[in-house]
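What follows is calculated from the coordinates using simple rules that are stated; it is not laboratory data. Everything numeric in this text was worked out from a predicted model, so none of it was measured. Heads up, the Cβs are rebuilt from the backbone with ideal geometry, glycines too, and the neighbour counts pull from every protein chain shown.
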Amino acid sequence: MEEQWSWLCTENLQRTIRLLFGTFINRWLDVGVANLTSAAYWASYLRVLQDAVWPGGALPTAPRPQRSRQQKDDSRRRALSCLMRLLPDLISDLLGSDKYELCWQTALDSLQDAHINRHLVFCLFDLLMEFLVPEIPEPDFQRSLLRTLPRNPERQLA
């Protein structure tokens, strides 16, 4: 019986929250997404990406030293702390702090597989390219791209 009431209370609570705060949350998300996708933020993202790939403006000559278990745990704790501050406290209060932390911890844990991360980056790059150049899926555009390629690439390198 408790499970039934718990479900009912959760359903009613969700409806009430949607009615009371729905427009506020939508507006907050609209403003947040607009800010995160503004030109100033994109410039910042590109600078961070450039520094990550080419530290000091040059490709690294040697691989990075392996991080210790302590350093990895510290990074994970800092990332979790940053993520927990990402959304307003209202969300944390509604979900409960333990459940809210568990949600972010699960999100972080899902990003710990290098193979899946590589796939995620390729998918995001694919979406970005499709957004920037919407003609990419069209066969005519692909044929025109292929025509611009040199016939013998080895000759171009010499």
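Rounded to the nearest 10 degrees, the angle from helix 139-148 to the longest Cα principal axis of the chain is 40 degrees. For the chain, the longest principal axis of the C-alpha atoms and the axis of helix 2-36 are separated by about 40°. A simple spin-label model places pseudo-atoms 7 Å from Cα toward Cβ; at Arg147 and Ser97 they are separated by 6.5 nm.
Taking Arg85, Arg147, Arg69 in turn, the Gaussian network model of the chain (Cα-Cα springs below 10 Å) assigns the largest fluctuation to Arg147. Relative to the longest principal axis of the Cα atoms of the chain, the long axis of helix 114-132 lies at roughly 80 degrees.
Starting from the alpha-carbon convex hull of region 84-139, give the projected area averaged over all orientations, in nm². It would help to have the intermediate numbers written out before the result.
Details: hull surface 23.2 nm².
Dividing the Cα hull surface by four gives the mean projection, 5.8 nm².
Across region 57-62, rounded Karplus estimates of 3J(HN,Hα) from the backbone phi angles (6.51 cos²θ - 1.76 cosθ + 1.60, θ = phi - 60°) give x, 9, 5, x, 8, 10 Hz, Gly and Pro being marked x.
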